[in-house]
1. From the list 40, 28, pick out the single residue that is open to solvent by 40 Å² or more (accessible area, probe 1.4 Å), within 11 Å of the chain's Cα centre (by Cα) and touching a residue at least 12 places away in the same chain (Cβ under 8 Å).
2. For residues that are modelled with pLDDT of 75 or more, in contact with a strand residue (DSSP E or B) (Cβ under 9 Å, 6 or more places away or on another chain) and open to solvent by less than 80 Å² (accessible area, probe 1.4 Å), tally how many sit in segment 58-98.
3. Please specify each residue of segment 17-46 satisfying the condition of being polar (S, T, N, Q), part of a strand (DSSP E or B) and under 18 Å from residue 73 (Cα atoms).
Amino acid sequence: MNAHAYDLHDRITLKQLANALSHGFTPVVEIESMDGIYTVRFHHSTGVCELADAKGNTRTFLGTGEIRDLLGNLGLSHGVLTWSDQCGDEMIGVPGHAVTPDEMLAYGTRIAFR
């Protein structure tokens with residue numbers, strides 16, 4: 001299935017995601033933690049899109065359980081949990097650098113949805 005069979009923008013609703021998945025969409029799922037608030041991103045061959053509500057706003061979660069249930073019910077089996085708020089330890093003087101998106105995915109924690 002090619003990328004033109006379903007709409008891929010920078011934001012995707014759960015309904016659009018379900019439609020895309022039914023047409024062969026196979027993203028790498030990233031769940032990003034930002035101080036206890038979670039967002040969901042889908043990495044695919046033509047870019048990255050973020051899970052949004054019906055109004056187009058980024059959908060946020062207070063835990064991974066709801067994400068697991070939503071995405072598992074759509075047939076997705078796993079994702080990568082990443083942390084945007086960890087880069088070094090300024091309290092003890094350990095220098096850090098901003099982590100790239102590829103590094104976050106490579107070193108994130110694999111989690112199951114079903």
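The values are calculated or read from the model by the stated rules, or taken from the named source; none is laboratory data. Owing to the predicted nature of the structure, the values given are computational and were not obtained by experimental measurement. Neighbour counts run over all protein chains shown; Cβ positions are idealised from the backbone, glycine included. Note: areas computed on protein heavy atoms with side chains; ligands, DNA, RNA excluded. Shrake-Rupley method; radii C 1.70, N 1.55, O 1.52, S 1.80 Å.
1. On inspection, the qualifying residue turns out to be 28.
2. 16
3. Answer for segment 17-46, where residues must be polar (S, T, N, Q), part of a strand (DSSP E or B) and under 18 Å from residue 73 (Cα atoms): just 39.
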